[in-house]
Every structure is written in C-alpha cells, then in structure tokens.
Amino acid sequence: MESLSIKETLYVCEVQGSDIDGIGSEKMPYKTVQKAINHLKGSLGDSQILVRKAILDSYTFVAKAALKKAVKAFGEQQRKAAKDAELNHVNHSVKLSGASGGFRTHASFEIRA
C-alpha cells in the first residue's frame, strides 16, 4: 500500500490562534480555516489542516464542510480581486484635435487585462 506524503501541516486553533500573527504552526496557529486555505492558495493539495476547537482538545483533521466553505470563499475572493484589478486598469483618455472649421473631440477607452 502506498503511503500518503504530507507536504505541509497547518494548525488552526479557534481559541488561541491568530489570523494576524499566526503562521500556521502548532505553537503559532491560525485562528480560522479560511486563513489556512488562503495560505495554501485555495487548494489543500498534499497538505493537511488540523483544527482544535478548545484548549484541552487535541488537533483533529479539518471537517469536510469547513474545508469546502473555505475553498469556495477563496475562489470568490480571487474572482473579486481579478474584477477589481480589471476595473483599476481601465484607461480613459480624451484627445482634442483641431480641424478646419472647428474642433473635433475624440474619446477613447481602453481596458487592459
């Protein structure tokens, strides 16, 4: 039987963890599964997330429902960030050019991906 190779283990403690100062280690865990998924760029891959809900509890594998919810939220965050980046790259330029008998205005709008 082939053994599973774990690349990275991230720890989440809902009581003592911190999404600001935590690094996902057992001594400095994250507070939320969402922060762990963000660290993993939205995919568990060959990593694992262990969660502790109370100080006296042992760390256990993240629940499938919590993992699914965090992955979905990560995807939504990525789509929103991409949309915001696209809107920030909209270039508006207005050119005025002289022509015999008056002025013509020309407006051009360019969207860069």
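The values are calculated or read from the model by the stated rules, or taken from the named source; none is laboratory data. Remember, it's a predicted structure, so these values are computed and weren't measured experimentally. When we count neighbours, we look across all protein chains shown, and the Cβ atoms used for this are built from the backbone with ideal geometry, even at glycine. Each accessible area value is taken on the protein alone, full model and side chains, heavy atoms only, with ligands, DNA and RNA left out. Shrake-Rupley method; radii C 1.70, N 1.55, O 1.52, S 1.80 Å.
General remarks:
- Segment 32-59 residues that are under 15 Å from GLU76 (Cα atoms) and outside any loop (DSSP other than H, G, I, E, B), paired with ones that are at pLDDT 95 or above and open to solvent by 40 Å² or more (accessible area, probe 1.4 Å) (beta carbon under 8 Å, 6 or more apart): GLN34/ASP19; LYS35/ASP19
- Only residues that are open to solvent by 70 Å² or more (accessible area, probe 1.4 Å) and either over 16 Å from SER25 (Cα atoms) or in contact with a His (Cβ under 6 Å, 6 or more places away or on another chain) (or both) were counted in segment 48-73, giving 7.
- Whichever residue in segment 1-16 is part of a loop (DSSP other than H, G, I, E, B) and in contact (Cβ under 8 Å) with a residue 24 or more places away in the chain and, among such residues, is surrounded by the most Cβ atoms within 10 Å (Cβ to Cβ): GLU14
- All conditions in (1) over 15 Å from THR9 (Cα atoms); (2) open to solvent by 50 Å² or more (accessible area, probe 1.4 Å); (3) of a type outside the set (A, V, I, L, M) hold for GLY45, with the sole exception of (1).
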